[in-house]
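Engineer: The following block contains the structure, expressed as structure tokens.
The values are calculated or read from the model by the stated rules, or taken from the named source; none is laboratory data. Just so you know, these numbers come straight off a predicted model, no measurement behind them. When we count neighbours, we look across all protein chains shown, and the Cβ atoms used for this are built from the backbone with ideal geometry, even at glycine. For accessibility, only protein heavy atoms count, side chains too; no ligands or nucleic acids. Shrake-Rupley method; radii C 1.70, N 1.55, O 1.52, S 1.80 Å.
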Amino acid sequence: MNKNRPIHIDLRLIKLPLPGLVSILHRVSGLLLFLTLPLFLKMLQYSLFSIETYTQLVATLRHPLSRLILIGLLWAFLHHLCAGIRYLAVDMHIGVGLTQARASSKLVLFVSLGLTLLIGVWIW
């Protein structure tokens, strides 16, 4: 038996490849969207209940902290959408090679961050 093996692996020292990072971010963004779904449904309920609750909701959403949170959720949605399209292509055996996987991972990150910045600047 080899005694030189590490007993405890430090996960912070492992360099994750870009497709692995996109995969983890896809899962995190999906979880974030799932957990905030009740908040969005409550906001929809407030917006439809009366004009007073609608104006309170609009005032709350105009706060800079609320806008930053919404931009973060916008990124989660756009990243989850772009990575989901990438995984649908991979399921159809399109882009399964190593160089293609790396290129599509870069494209997912670039498009999701670019669209988030574009839409975030537009709605700010």
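Engineer: Give me the Å³ per residue figure for the convex hull around the C-alpha atoms of the stretch 27-74.
Structural biologist: Value for the stretch 27-74: 60 Å³ per residue.
Engineer: Going highest first, how would you order 107-113, 49-55 by mean Cβ packing within 10 Å?
Structural biologist: Result, highest mean Cβ count within 10 Å first: 107-113, 49-55.
Engineer: Here's something else I'd like to know. Averaging sequence separations of C-alpha pairs under 8 Å and six or more residues apart, then dividing by the length of the chain, give the relative contact order as a whole percent.
Structural biologist: 33
Engineer: Along the charge dipole of the chain, which of VAL22, ILE71, TYR46 sits closest to the positive end, that is, farthest toward it, with unit charges on the beta carbon of Lys, Arg, Asp and Glu (+1, +1, -1, -1)?
Structural biologist: VAL22
Engineer: Continuing with this model, one more query. Output needed for the chain: three equivalent-ellipsoid semi-axes, defined as square roots of 5 times the C-alpha gyration tensor eigenvalues, in descending order, whole Å.
Structural biologist: They are 37, 19, 14 Å, listed from largest to smallest.
Engineer: I would also like to ask the following. Can you tell me the length gained on complete extension of the stretch ARG5 to LEU41, counting 0.36 nm per residue apart and subtracting the Cα distance?
Structural biologist: 7.8 nm
Engineer: Whole angstrom only: what separates the Cα centroid of the stretch 1-32 from the Cα centroid of the stretch 82-120?
Structural biologist: So the two Cα centres are separated by 20 Å.
Engineer: Compute the length gained on full extension between ILE85 and LEU68: take 0.36 nm times their separation in residues and subtract their Cα-Cα distance, giving the result in nm to one decimal.
Structural biologist: 3.6 nm
Engineer: Suppose all protein chains stay in the model; what accessible area per residue would a 1.4 Å probe give for the stretch 1-70, in Å²?
Structural biologist: Ligands and nucleic acids excluded, the result is 88 Å² per residue.
Engineer: What 222 nm value per residue comes from the helices of the chain, counting each DSSP H run with n ≥ 4 as -39,500 (n - 2.57) and dividing by all residues, nearest 500 deg cm²/dmol?
Structural biologist: One gets -27500 deg cm²/dmol as the mean residue ellipticity at 222 nm.
Engineer: Further question on the same structure: Calculate the dipole size of the chain relative to its Cα centre from +1 charges on Lys and Arg beta carbons and -1 charges on Asp and Glu beta carbons; express the result in debye to the nearest 20.
Structural biologist: The calculated dipole for the chain is roughly 500 debye.
Engineer: Can you give me the span-like helices of the chain, meaning DSSP H runs with 27 Å or more of Cα extent along the axis and Kyte-Doolittle mean at or above 1.0?
Structural biologist: Within the chain the helices that satisfy the rule are 18-49, 64-91, 98-123.
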